[in-house]
Amino acid sequence: MPAGAEVGEVHYAAVRAVSASQNYVALFECTVKAAPAPVPEVVEEASGVMGAVITTALVTAAIAAALFFFVL
Amino acid sequence: MWKVSVTDRPVFAATSAALAVASGNTAFTFTGFSTAADGLWVSGAALVPAIPDPRWDTVTKSFEAEAGKGFSVNVNVVGATAEVVAENLLVDEYNKPLNLEARSLILYGEVAAETAAVTTVGSEVNALWSALPVATATVYPGFSW
């Protein structure tokens, strides 16, 4: 199909054949259909970044608490 | 350098397995001419049958394809010969072109007979491609658009 063909355009091609003294002809009808819609791009969730920040804060607080009780 | 054609098409292949096809190819293979499941061909013993008029005749295959995609036809019938109907002969019963002007399909690939180049002292015969003789089990008519 031509790359710029519009949806709904119809194109034809034909082939003739000879076999066992018989003549044949075939007609092929191709209708241009729409390309499938592109898959939407997955947007990375902000919660992933926020989760890392919270985890880091909690680990830091736990280390600080351990130092407070055992060192001081 | 001579430019042979506008599109440098079709790409010829010496065997059916090597037929060049366009991206997203839809293949149709015929092992006979009267199998309803594959698609019926119009036949004629003495006269060459006219091309079916799609307005009221049944076409052999009617299908859909995306723009930029291709399709191919293989005639896997031993002893058969086949050829593509030229664009200027692809007309309806009133001699009107079936395809829109300047929107005809471009033959992408074709199975053909290859004759190797022959070099002798003082002369050279270039390699050439020609029409396929009768089909065999591995080399049979094949066309892609």
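Using Cα-Cα distances under 8 Å and only pairs 6 or more residues apart, what relative contact order does segment B:3-145 have, in percent?
36 percent
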Checklist entry - Rounded, prolate or oblate: which one fits chain B, using the alpha carbon gyration tensor with axes a ≥ b ≥ c (rounded when a/c is under 1.5, else prolate when a/b beats b/c, else oblate)? => result prolate
Item to check | Peptide A:29-39 - average C-beta neighbours from other chains (10 Å radius) | outcome: 4
Item to check | Spin-label pair residue B:106/residue A:3, simplified geometry with 7 Å Cα→Cβ offset, distance in nm | outcome: 0.9 nm
Checklist outcome for this item: Comparing B:88, B:74, B:126 in a Gaussian network model of chain B (Cα, 10 Å), the one with the largest mean-square fluctuation is B:126
Next on the checklist: Springs between alpha-carbon pairs under 10 angstrom, Gaussian network model over chain B: which of B:30, B:63, B:71 fluctuates most?
Outcome noted: B:63
Item to check | Computed magnitude of the charge dipole of chain B (debye, nearest 20; Cβ of K, R +1, Cβ of D, E -1) | outcome: 140 debye
Item to check | Relative contact order (percent, whole number), chain A, Cα cutoff 8 Å, 6+ residue spacing | outcome: 23 percent
Item to check | Cα long-axis angle, helix A:46-70 against chain A (0 to 90 degrees, to the nearest 10) | outcome: 20 degrees
Checklist entry - When chain B is treated as a GNM, springs tying every alpha-carbon pair under 10 Å, which of B:29, B:58, B:120 comes out with the largest mean-square fluctuation? => result B:120
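Here, each number is a calculation from the coordinates, and none is a lab measurement. Computed from a prediction, not measured in an experiment: that's the story for all the values here. Every residue, glycine among them, receives a Cβ derived from its backbone with ideal geometry; neighbour counts consider all protein chains shown.
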